[in-house]
Amino acid sequence: MLEFDGLHKSYGANRVLDGVSFAVAPGSMFGFCGSNGAGKTTTMRIAMGLVRADAGEVRWQGRPLDQALRRRIGYMPEERGLYPKMRVGEQLAYFARLHGLDGAAAARAAEHWADRLGLADRRRSRVEELSLGNQQRVQLAAALVSRPEVLILDEPFSGLDPVGVDALAEALLEQVRGGVPVVFSSHQLDLVERLCDAVGILARGSMVAAGPVPELRRREPGRLLRVVVPDAPPGWAAALPGVRVESELAGDTLLELAPGTDDQAVLAAALRTGRVAHFAWREPSLVELFREAVAEPAGEVAA
Amino acid sequence: MTSSGPRSPGSAALVRLVAAREVSSRIRDKNFVISSVVILLLLLGTMAFQVVVSSGEGTSRVAVVADDGRIGPAVEAQGEAVGVDVEVVDVPDAAAARDAVEAEEVDAALVDGTGPAPELLLLDRDPALEAVVGGAVSGLAVADRLLEAGVDLQSLPDVAVTPVGDEGEDDGQRVVVAIMGVVVLYGLLILFGQFVAQGVVEEKASRVVELLLATMRPWQLLAGKILGLGLLGLGQIVVIGAVGVTGALVFDLVDVPGELIGTVATVVAWFVLGYAFYACVFAVAASLVSRQEDLGSVLVPASMLLVVGFLVAVQAAGDPGGTLATVTSFVPGLSPLVMPVRQAAGEAAGWEVALAVVLMLGAVGLAVRLGGRVYAGALVRTSGRTKVREALRAERA
C-alpha cells in the first residue's frame, strides 16, 4: 500500500494542506483531482521529499518514505525537468543510474524505454531539439526507466495530443498490471474516470471525496431520477411525497428524491399517467461529482 | 518486480555519477574546448614573444682577426662579466673581418686587438658591445704592460661577491612566474566558478533539479558538481603549468628550473583551495536565482572578492613585503591569489603559509556547510529570487 497519512503543510498563514489522507493499493491507478491551487502538487512533492510536511507522512509497504525508498519511485514533476542539452539516450541512462541501475543495465533500460515510447530514432537527439510532445515522452521514460515500484506523476497528460494520451495511458495500464501503484493528477476528468480504479478530489487542502468512482456516485446525495412520460399532464409529479421537481419539459422530468423515498412509488405514479418511455437514475459524471465536491460549502462559511 | 530491482547507490557512487556527467558534458561543450585552446595558445604566444624579444638583445657575434689567441677569450670573459652574451668568431685578416661585418654575419669585428692601434668595425653603434670589447682590449693591454714591468698579477685581490637580502635576480624571475600563475589562476577561478554557477542555474531553470533531488540529497549534487568541474579545472591548470614549464625550459627563458617548478606547483596547490571556496560560493549564489539572466546580479559580490584578490596580488608583486600584501595574504578568499606571489618573492615564512592554508581550509569548510544549507533550501524554490535567510529557513530534511 502507498499511504498518504494526515499531511499538513502551511506557508506562513497560507494553509495549503490540512490533513490529506488516502491510500493506493498495488496494481491500481489513483486519479488525483482538484482545482488549481488545491494542493495536489504539494502533496506529491512531499512524497518525493522536495517539500517537508509540517505533519503527517507518506508510507510505502508500511515504511515511511526515505531517500532509499524514494529511489524506487518513478516521478514526473509538474514542471517538466530534463537537461536541455543532453542527448535522450544518455539522459535516460543517467537517471536510471541515479536510481541504482549499473551502467550496462541502465543503457539497456534507456534503449528499451526510448523504443517503447516511440523515441527510437531520437535517442541521439538533444532534448531541446525535440517537439514538446516528444519531450513529454522522454520525461515519462525518465520516470519509468528505473523500473520503479511506485509511480507518482504530476499532470502527465497535459500537453499531449490524443495519440500521445493513448500511448501514455497504455504504458501506465501496463505498469498497473505489473503490480505498480500509480498516482497521477489531472484536470482531464474524463480520462481519470476512464483509467482510474479510484479517485480523490482535493479541495481547500483536504480530501473532500475519495474512493472508486461508482462508490462516489452512490454516496453522492441529491441524485436525479429521470422519468420521461410523454402523455402526463404538466405538474404530474409535484404532489408526490418526498419528491422535488428539478425540471420538467414536455413530460421529460428530472426529479430529486428525499432520502428514504421509494423510487418504485414514483414509477407507479408515472405509470398511472400513461406510457413511461424512460425511467432511470441519472449517473452523475465525474465532472458533476467534482463540481459538487469542490463547491464552497455556503452553510459552513456562514457559520 | 523487487527481486531483480536496482540497488540503492551510496553517497560516493552518486557523487561520482554527478561528477562524471559534469565532466563528460563539459568536455563536449564547444565553449569549453575553445576557451582551453585559446588559453594554451595565449601561453605559447607569450613565450614565443619572449623568445623573439630576448633574441634581439641576445648573443652578439664578434669577429676577431687571428692573433695570439688571447683576445678572443678575453672578450668572451668580459661579456660574461657584464651580462652580454658574446660569441667570438676567428677570421684570418682585416679584409675578411670587414666583409663579415658588411655581410652582417657578425655584429662587429675587432682588428689588431693586441696591437698598438686596435679598431672595432661595426655597422650600427652598440654601446654595450663597444664597452665589452674596449674593456677586454684595455684589460689585456694593462696586463701586458704590468707583466713587462715585472708586477705579479697573482697577488691582486679578488672581489668576493655576497648578495645581501632577498632581492636577488632569481626571486625576480620567480615573482614573474608567480604573477603569470596568478593571472592563469584568476582566469580559471572565474571561468570554472561561472561553469559551476551556470550548471546550478541550468538545473534550476530546466527544473531537472526536482528529478535529481528525488534521488539524492542536495549536498551530494553540490559535491558532485564541484568535484567534477574541479577535476577539469585542475587538469587544465596542470596542463597549462606543464606546457609553461616545458616551454620555458625549451626556449631557455629561465635560469633555475627547480624554482620555476616549485612556484608553478605552489600556484596549482592554491588553485585547489581557491577553487573549492569559490566554486561553493558561486554555486550557492547561483542557487538563489532561477534564470540565467539573473545570474549576473548574484555573482557580482563573489566576483568582486576575486577581482580584489587579483589586484592586490598584482600590487604585491611590486611590494611583496608591504602591509597590504602581508595582511591580505591571510584573508581567506584573497590568500590563494596573494600568497603565491609572496611565497615566490621569498617574503613568506613557513608558518605564515601554513596559517593562510589553515584559515582558507576553515573558510572552505564553512562555505560548504553554510552553502550546502542555503543551496538545499533555495533549490526547489523556482519562482524569482530567493533570499538567503528564506533559503536557510526552508532547508529540507
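Where a number appears in this text, it was derived from the coordinates with a stated rule and is not lab data. The structure presented is a predicted model; accordingly, all values stated were derived computationally and were not measured. In this analysis, Cβ positions are derived from the backbone assuming ideal geometry, glycine residues included, and neighbour counts consider all displayed protein chains.
Farthest toward the positive end of the dipole of region B:169-393, out of B:Ala367, B:Thr263, B:Leu231, is the Cα of B:Ala367, where the dipole comes from beta carbon charges about the Cα centre. Computed over the alpha carbons of region A:2-212, Rg followed by Dmax gives 16.7, 50 Å.
Which whole-angstrom value gives the distance between the alpha carbon centres of region A:156-170 and region A:1-58? Spelled out, the Cα-based centre of one part sits 24 Å from the other. Let me know the shape class of the protein assembly as shown, please: from the alpha-carbon gyration tensor, a ≥ b ≥ c as square roots of the eigenvalues, rounded when a/c is under 1.5, otherwise prolate if a/b is greater than b/c, or oblate. Verdict is prolate for the protein assembly as shown.
Taken about its Cα centre, chain B carries a charge dipole of roughly 5320 debye when the Cβ of each Lys and Arg holds +1 and the Cβ of each Asp and Glu holds -1.
With a Cα cut-off of under 18 Å and a minimum spacing of 8 residues unless on different chains, the lysine pairs in the protein assembly as shown number 6. Here region B:60-155 is treated with +1 on each Lys and Arg Cβ and -1 on each Asp and Glu Cβ, and its dipole about the Cα centre works out to around 300 debye.
Charges at C-beta only: +1 for Lys and Arg, -1 for Asp and Glu. How large is the resulting dipole of the protein assembly as shown about its Cα centre, in Debye rounded to 20? Could the numbers behind the result be given before it?
Numbers: 61 positive and 82 negative charges, 1253 e Å.
Once rounded to the nearest 20, the dipole reads 6020 debye.
Reported to the nearest whole Å, the Cα centre-to-centre distance from region B:313-358 to region A:181-220 is 68.
The separation of region B:171-220 from region A:231-296, counted between C-alpha centres, amounts to 72 Å.
Farthest towards the positive end of the charge dipole of region B:60-155, among the residues B:Val137, B:Leu110, B:Val151, is the Cα of B:Val151, using unit charges on the Cβ of Lys, Arg, Asp and Glu. For region B:249-397, relative contact order (Cα pairs under 8 Å, six or more residues apart, normalised by length) works out to 26 percent.
Taking the charge dipole of chain A about its Cα centre, with +1 at Lys and Arg Cβ atoms and -1 at Asp and Glu Cβ atoms, the residue from A:Ala47, A:Phe4, A:Pro234 reaching farthest to the positive side is A:Ala47. Take each residue of peptide A:47-59, count the partner chain Cβ atoms within 10 Å of its Cβ, and average: the result is 2. Residue by residue along A:92-102, Cβ atoms of other protein chains within 10 Å of the local Cβ number 5 on average. With contacts taken as Cα pairs under 8 Å at a separation of at least 6 residues, chain A carries a relative contact order of 20 percent. For a test of the definition: using alpha carbon positions, the gyration tensor, and the 1.5 limit on a/c, classify region B:49-149 as rounded, prolate or oblate. Since a/c reaches 1.5 but b/c is at least a/b, the shape of region B:49-149 is classed as oblate.
Its relative contact order, with pairs defined as Cα atoms under 8 Å and 6+ residues apart, puts chain B at 17 percent.
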